[in-house]
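> If you scroll down you'll find the structure; I have some questions about it.
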Amino acid sequence: MAEETHAAGARSGSGPRVDAHETHEVDLRRVGIDPDFWYPVARSADLRRNKVRPAAFAGRRIALYRGDSGTAYALEDRCAHRQVPLSLGVVDGEALRCCYHAWAYRGNGRISQIPYLPKGADRPPRGVRSYPVRERYGLIFVFPGDLGRADITPLPALPEADSPRHRTMMFSRTVRCHYSFLHENLLDMNHQFLHRGVLGRIHPELLGYDTGPRSVEARYLFVPSGGRKDRGAGLLSAEGMGGASTPDVVTIRTEYPYQTLRTVPESSSTAAFSLWAAYVPQDAEQRVSHVFGLLMIAKPSVPGALHLAWPLIRRFTERVFAQDRMAVEAEQRAWDEQGADWNQEVFPLILDVRKVLRGNGVPLGHAPASAPCRNAGLCADTPP
């Protein structure tokens, strides 16, 4: 299905748009994220060999562990015996032992040993659910959805993250809001007034946008109009590292369920930097998200310049993120207080991205916190 293209300030074939509160559409903040994608749940560097740590996806507790071989595994975070969290356990070779009675589980979730089981007695036929795991770009991805779709669902393609011509800055932060608020925040660049103390005064001009059943892509021209700018902001857009101080063309895309941003100086054809972000719900109600981001910055021609600028760029991005987090968490608090979405949104771009998120999500409660395992031979989700 072809994407629909919109010029700035116009929308063909449409009348006035109203929000979900007025049309009685399903409240987007009650829509869960589709689990049939690869989601990052931890940084690879945070899971050391022979160690275990907890993670979560939409209310499902996950025990991540790295075996003696260096392979990462992900299991449902509860022992089939007494339901004690396996993330409190101990790694034993390629297995994970529960801290309580030392039941051991292989990486596929099967019970491999019960130390005190009488010789000749059968072990319980079911263990716990395991999740497919892949490591890429310094992140640990799990597939929490239909196991049959894991092999045919690709990881996000991020060639710049693997390129020696770029250096990548990683972000891992918890934000107390529904993932949809984060999509809206990045896509709607009209909120630059919020960042006036960091970016100076910027006039973001919407050049146009495209919509499709699974994506929305917007293009803005960022025109500086005075004010004091954080030094890291200039360095990130290549000012002071061999680049010219010209307006930037910023392209932001929600390609469900991920989001990307690319900044290209108007005088160049090469992106100064690219951002990839995933917003991973933590709780069953999906009111808390963990943001994993990869900021891929093009190395300038001057050797060592990016290394020297790195602390300033990091400080700038943290300042911007802190302001955005304040805003989206305030939006979530308002939703919690009102019990519904009372937004009076007027920007057609945001109304369209809401349609994409609503159309590709799943009803909250569709997948319970301990979702039934689709391989009954391995799991203990169904009580005897």
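The values are calculated or read from the model by the stated rules, or taken from the named source; none is laboratory data. Source: prediction; values computed, not measured. Don't worry about glycine lacking a Cβ; one is built from the backbone with ideal geometry, like all the others, and counts go over all protein chains shown. When the accessible area is computed, the model is the full protein with side chains, heavy atoms only, and any ligands, DNA or RNA have been set aside. Shrake-Rupley method; radii C 1.70, N 1.55, O 1.52, S 1.80 Å.
> Do we find that Leu306 is more than 21 Å from the chain's Cα centre (by Cα) and either of a type in the set (A, V, I, L, M, F, W, C) or part of a loop (DSSP other than H, G, I, E, B) (or both) in this structure?
yes
> Residues being open to solvent by 50 Å² or more (accessible area, probe 1.4 Å) and either among the small types (Gly, Ala, Ser) or within 18 Å of the chain's Cα centre (by Cα) (or both): count how many of those fall in the range 169-196.
So the count comes out to 3.
> Evaluate the range 263-270: report whether one residue or more is part of a loop (DSSP other than H, G, I, E, B) and either over 19 Å from Tyr220 (Cβ atoms) or modelled with pLDDT of 90 or more (or both).
Within the range 263-270 (the criterion being part of a loop (DSSP other than H, G, I, E, B) and either over 19 Å from Tyr220 (Cβ atoms) or modelled with pLDDT of 90 or more (or both)), the answer is no, since none of the residues qualifies.
One line per residue, one yes/no per condition, for (1) of a type in the set (A, V, I, L, M); (2) open to solvent by less than 40 Å² (accessible area, probe 1.4 Å):
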| position | (1), (2) |
| --- | --- |
| Phe143 | no, yes |
| Leu147 | yes, no |
| Pro156 | no, yes |
| Ala161 | yes, yes |
| Arg165 | no, no |
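> Separate question: Here's a check for you: in the range 316-333, which residue that is aliphatic (A, V, I, L, M) and touching a residue at least 24 places away in the same chain (Cβ under 8 Å) is surrounded by the fewest Cβ atoms within 10 Å (Cβ to Cβ)?
Ranking the qualifying residues of the range 316-333, first place goes to Ala327.
> Now, a different point. When the range 47-60 is examined, which residues are found to be free of Cβ contacts under 8 Å to residues at least 60 places away in the same chain and either in a helix (DSSP H, G or I) or surrounded by fewer than 22 Cβ atoms within 10 Å (Cβ to Cβ) (or both)?
Arg48, Arg49, Asn50, Lys51, Arg53, Pro54
> Within the bounds of the range 113-125, is there any residue that is open to solvent by less than 60 Å² (accessible area, probe 1.4 Å) and either within 27 Å of the chain's Cα centre (by Cα) or acidic (Asp, Glu) (or both)?
no
> Could you grab the pairs with beta carbons closer than 6 Å, sequence gap of 6+ or different chains, first residue in the range 263-280 and on the phi < 0 side of the Ramachandran plot, second one polar (S, T, N, Q) and at pLDDT 90 or above?
What qualifies is Trp276/Thr260; Ala277/Gln259; Tyr279/Ser289.
> Can you work out which of the residues in the range 88-112 that are among the small types (Gly, Ala, Ser) and in a loop (DSSP other than H, G, I, E, B) is surrounded by the fewest Cβ atoms within 10 Å (Cβ to Cβ)?
Once the filter is applied, the top-ranked residue is Gly93.
> Separate question: Tell me, which residue of the range 337-360 that is over 19 Å from Ile33 (Cα atoms) and among the charged types (D, E, K, R) is surrounded by the most Cβ atoms within 10 Å (Cβ to Cβ)?
The qualifying residue surrounded by the most Cβ atoms within 10 Å (Cβ to Cβ) is Glu345.
> Against the definition (at pLDDT 90 or above, charged (D, E, K, R) and open to solvent by 50 Å² or more (accessible area, probe 1.4 Å)), how does Arg214 come out, yes or no?
Taking the combined requirement at face value, the residue satisfies it.
> Follow-up question, since we're still on this one. So, in the range 74-87, of the ones that are buried (at least 24 other Cβ atoms within 10 Å of the Cβ) and either within 25 Å of the chain's Cα centre (by Cα) or of a type in the set (D, E, K, R) (or both), which residue ends up nearest to Leu155 (Cα to Cα)?
Ala74
> Kindly indicate whether Thr260 is under 22 Å from Asp34 (Cα atoms) and open to solvent by 10 Å² or more (accessible area, probe 1.4 Å).
yes
> Surrounded by 18 or more Cβ atoms within 10 Å (Cβ to Cβ) and either under 22 Å from the mean Cα position of the chain (by Cα) or under 28 Å from Pro281 (Cβ atoms) (or both): does that describe Leu139?
yes
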